[in-house]
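Let me begin by presenting the structure, written as structure tokens, before commenting on it.
The values are calculated or read from the model by the stated rules, or taken from the named source; none is laboratory data. As the structure is a prediction and not an experimental result, all values here were calculated from the model. We place every Cβ from the backbone using ideal geometry, glycine too, and count neighbours over all the protein chains shown. Accessible surface is based on the protein model in full, side chains and every heavy atom, while ligands, DNA and RNA are left aside. Shrake-Rupley method; radii C 1.70, N 1.55, O 1.52, S 1.80 Å.
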Amino acid sequence: MPTDEEILGRSGVDDLDAILSVTRADVDDAVHVVADNADAIFTWDYEKGARPQLNKLYEKAKHAQWNGETDLDWSIESDPEELARAMNGPRAEAFAHKGVDLSGTPVASWDDDTWTEFGMEVQKWSLSQFMHGEQGALLCTAKIVETVPWIDAKYYAATQVMDEARHVEVFAKYLDTKLNGHYPINAHLGLLLDDIINDARWDMTYLGMQVMVEGLALASFGMAMQVTQDPLLKQLLRYVMSDEARHVAFGVLSLKEFYEGLTDAEMLERQEFAFEAAVRMRDRLLQQEVWERMGVDPKVIIPRLRVGDRNQDPFQQLLFSKIVPNCKKLGLLDANDGWLRARFDTLGVSQFEDWADTSEEYLDLDLDAVSADRLDAAAG
């Protein structure tokens, strides 16, 4: 079996120098080209409903379409500075309480206004990565329509293409009109999206995007919706989450059938891919682009913030709360003597394995499951 170093291309999972050395050369380019090596597959079997669970998702998706222009109240005023202050983001005192020594760094002299500016940049960066990830999902789902061999899956994936276009649209509009612009795509996220699109195997598109990227996004959206004080952003995230839950369920339901027929060697390839994807998504959380925009060298400040075992960060762990049970549902945790389970143990996220998988809980996140009064209340 390959070593972690061979999979990740670095000496260890937590090699900070290697993580921070990953950059994008085309960060200022308006267009990024990735080779798509997959074959487009026609199917002449048009029997609708041959896979009842996928057909159920398709029927649900047809009734769950929403319009980002008319269903969201864009007249709501957003004050990024006030929102950042209300969030009571990281301050020197909070870091000191965690045992972080900021002395000798530029951050040590930051006043409250600078910390508020940092909080504003973190929000802009986070939403920017959501937006870029949604465009990755847009391309990947269009690819799934082409490459998946089942008509029920093609039907559902076509609805997801529309969903993803809508998600890119609303995140872009929020960033441009409420936060005055966006960050470029994070290098780690960009490399992962490139790999997913580049892989010729249709199930890898599902695994990389539907299960890994969208699974982490679903957890991230839920956390963001809980903490933001912006009623417009709360409403936006709630609508997006209702779609994302179906998308992740689509990946789990499709892959479960396919993975049951794979050999151990084929399953190991999927386990390696899932591990690499998980590490790349974790690495992007260092937010090095924000530190750079604030005039702080990430190689100076980030090592100071890594006190103890960073794999025990509860925020980072919770982001994997959707991924781990879905991987277990697919048999990826325990195949090959628990190869992926051991890697998730290293990342400190295995405790979520018995949480509900998304193929079971997606209906709970559907907009129909929330009354109009409660949805209005969530939006403020």
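At a threshold of 8 angstrom on Cα-Cα distance, excluding pairs fewer than six apart, so keeping six or more, what relative contact order does the chain reach in percent?
22 percent
Given labels modelled 7 Å from the Cα in the Cβ direction, how far is it in nm from residue 201 to residue 315?
Spacing of the two 7 Å Cα→Cβ label points: 3.5 nm.
Post the alpha-carbon centroid distance, segment 159-175 to segment 105-135, in whole angstrom.
After rounding, the separation between the Cα centres reads 22 Å.
If a/c stays under 1.5 just call it rounded; otherwise compare a/b with b/c (prolate if a/b is bigger, oblate if not). Do that for segment 126-199, with a ≥ b ≥ c from the square roots of the Cα gyration tensor eigenvalues.
Judged from the Cα gyration tensor, segment 126-199 comes out oblate (a/c at least 1.5, b/c at or above a/b).
Could you give the distance between the Cα centres of segment 273-340 and segment 61-93, to the whole Å?
Using only Cα atoms, the two centres lie 25 Å from each other.
What figure in square angstrom, to the nearest 10, would you give for the accessible area of residue 74 with a 1.4 Å probe?
Counting only protein heavy atoms, the figure is 40 Å².
With respect to the cross-link table entries 124/322; 48/154; 143/173; 60/154; 234/328; 62/154, which display a Cα-Cα separation exceeding 19 Å?
Exceeds cut-off: 124/322; 143/173; 234/328.
What is segment 57-112 by shape, rounded, prolate or oblate, if you read a ≥ b ≥ c off the alpha carbon gyration tensor as root eigenvalues and call it rounded for a/c under 1.5, prolate for a/b larger than b/c, and oblate otherwise?
It comes out prolate by the Cα gyration axes.
Once neighbouring chains are kept in place and the probe is 1.4 Å, which whole percent of the accessible area of the chain is contributed by carbon and sulfur?
Here it works out to 50 percent.
With just the Cα atoms defining each centre, how far is segment 1-19 from segment 224-258? Give it in Å.
Using only Cα atoms to place each centre, the spacing works out to 31 Å.
Between residue 70 and residue 265, what's the calculated FRET efficiency when r is the beta-carbon distance and R0 is 56 Å? Round to 0.05.
The calculated FRET efficiency here is 0.65.
Under 1.5 on a/c is rounded, so check that first for the chain, then, if it is not, pick prolate when a/b is larger than b/c and oblate when it is not; a ≥ b ≥ c are the square roots of the alpha carbon gyration tensor eigenvalues.
It comes out oblate by the Cα gyration axes.
Expected output is a single nm value to one decimal: the length gained when fully extending between residue 226 and residue 177, i.e. 0.36 nm times separation in residues minus the C-alpha distance. What is it?
Here the answer is 15.4 nm.
Quick check: pseudo-label points 7 Å beyond the Cα along Cα→Cβ at residue 105 and residue 194, how many nm apart are they?
2.9 nm
Say a site is exposed when it is one of the GluC sites (Glu not before Pro), sits in a DSSP loop, and has at most 13 other Cβ atoms within 10 Å; what is then the longest site-free stretch of the chain?
78-259
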